[in-house]
Number of protein chains: 2
Amino acid sequence: MAFENDERPLYEIKANLFKGLAHPYRIRVLEILAGVSEAPVSDMISATGLEASHLSQHLSVLRRYGLVVSERRASVVYYRLAFPQVADLLQVARALLSELLQDSQRHQSSALALPAISSVR
Amino acid sequence: MAFENDERPLYEIKANLFKGLAHPYRIRVLEILAGVSEAPVSDMISATGLEASHLSQHLSVLRRYGLVVSERRASVVYYRLAFPQVADLLQVARALLSELLQDSQRHQSSALALPAISSVR
DNA sequence: TTCTGATATGATGACTTTATAAAGTCACTA
DNA sequence: TAGTGACTTTATAAAGTCATCATATCAGAA
């Protein structure tokens, strides 16, 4: 009753998907891409304010997890969401968050949904 | 055009939500809880095969991020999802994953959705 | 070919998360 | 009140993630 061998790796894969989403800049990038058909890296640099190499690393994480795809046309690289469902996921997360936040206000335990009071900058 | 001060912390909060989901055991726990109204820790220990203290740490992460709530009745502690939307999120993730996996099979780039080939145990 | 702009990759230090073991708390019973 | 079962917290080493800087690649201009 404890292990279903077939199921176990799936938890890992699922957790990895969320790992891909577990950084503010990556969320930012995905939300930018959710609103357009595609975007060149240069646009994302100016939209996020990130240094090119830093952004590039996050983009490579997103590529590795299969959340975005890129295409080079001339010297410009364009990115877009690999699947429209990625946008769905962000939207469901948004809905959940607004619940979470409302709830935390109601209960004035305003630290909810934050990583632990001490680690919020 | 680069920063919207009001929006920025939201990316952080959203990323934190995904961080809470970014571990196989926590996904496992949430899926267990998604299927019942509540579950005692002892059930989750046997369902996951985890050592009590290890499970407890993951439960505390989930509590900290506001994804689950616990209640002690006599000497048993019961957990349940803090919001039904948590189950929605998992379900959307599942749908996205099945797309991702199908797609990666079609393109025989079977490493998709995995953390980077080298870090898969 | 060499230069340049646009990205990507690699290396490194700072920091955070995870897994394991040991100690602690809480509620109940003998 | 001592003991026990059910958890939780603390401590710590190992592994992983992030930000920064230097270097590399790629495509078009000179």
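Net charge of the neighbourhood of residue B:41, taken over other residues with C-beta under 15 Å away and scored Lys/Arg +1, Asp/Glu -1, is +2.
Based on Cα contacts under 8 Å between residues 6+ apart, the stretch A:43-82 shows a relative contact order of 24 percent. Using C-alpha pairs below 8 Å separated by at least 6 residues, the relative contact order for the stretch A:10-108 is 28 percent.
In a shell of Cβ-Cβ distance under 15 Å around residue A:63, excluding residue A:63 itself, what net charge do Lys and Arg (+1) and Asp and Glu (-1) give? Numbers along the way, then the final one.
Working: positive: A:19, A:26, A:64, A:72, A:80; negative: A:38, A:71, B:103.
Net local charge, residue A:63 excluded: +2.
Across peptide A:23-33, the mean count of Cβ atoms from other chains lying within 10 Å of each residue's own Cβ comes to 4. Mean per-residue shielding of peptide A:61-69 is 4, counting Cβ atoms of other chains within 10 Å of each Cβ. Each other copy places its own label point for residue B:95 at 0.9 nm from this one, sorted shortest first, where the point lies 7 Å along the Cα-to-beta carbon line. Spin-label model, residue B:32/residue B:57: points 7 Å from Cα along the beta carbon direction are separated by 1.7 nm.
Bear in mind that the values in this text are calculations on the coordinates, not laboratory data. Here the structure is a predicted model, which is why all the values come from computation and not from measurement. Cβ coordinates were reconstructed from backbone atoms using ideal geometry, including for glycine residues, and neighbour counts include every protein chain displayed.
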